[in-house]
Amino acid sequence: MKPMSIGQVAHRAGIGVETVRFYERRGLIDEPPRSAAGYREYPEAIVSRIRFIKRAKELGFTLKEIKELLSLRLDPTTTCAEVRSRAEAKIADIEARVRSLRKMKKALVKLTAACSGRGTSSECPILEALDQEKEVGCKFN
């Protein structure tokens, strides 16, 4: 297989060249060997690895978590149960964020309902609530 340039890798993986370099700096992909002219020469398999990273990001995994998943993938002693455990932890994290977002939405709905939209900003109940030392969600629950 013919080595690919960074531009070819980026194009085939559907990301930008700077993202490829960023993944290298973060240790998600190995820095490839360079040609005599100094250009990076990527193996074709790097495209699959970058697509793996993209799909994991779409599922909410952080780059740190993706790096751990990639390590698990390469470790022949890793069990499917270990990978499942990571996925279940991510589900719990997402559920916690959803609960938090719902609480934020509820507080913001109450704040906007308290505001008529008339008057100056110095009389705005939304800004007044944000200026208080108490948590906004606590005041309007």
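Table for the structure above
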| quantity | calculated |
| --- | --- |
| Long-range HN-HN contacts of LEU59 with modeled amide H, under 5 Å | none |
| Helical segments meeting 30 Å axial Cα length and Kyte-Doolittle -0.5 threshold in the chain (DSSP H) | 80-113 |
| Rounded percent of accessible protein surface that carbon and sulfur make up, the range 1-43, 1.4 Å probe | 53 |
| Alpha-carbon gyration tensor eigenvalues x 5, square-rooted, for the range 1-78, Å | 22, 14, 11 |
| The chain - percent relative contact order, Cα under 8 Å, separation 6 or more | 16 |
| Cα→Cβ-extended label distance, 7 Å offset, between ALA114 and LYS2, nm | 6.6 |
| Sequence ranges 9-15, 104-110, 80-86, ranked by mean other-Cβ count within 10 angstrom, highest first | 9-15, 104-110, 80-86 |
| Heavy-atom surface of the range 1-109, accessible at 1.4 Å and reported per residue (Å²) | 70 |
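The values are calculated or read from the model by the stated rules, or taken from the named source; none is laboratory data. This is a predicted model, so every value here is computed, not measured. Here Cβ is always computed from backbone atoms with ideal geometry, including for glycine, and neighbour counts include all displayed protein chains. With ligands, DNA and RNA removed, areas are computed over all heavy atoms of the protein, side chains included. Shrake-Rupley method; radii C 1.70, N 1.55, O 1.52, S 1.80 Å.
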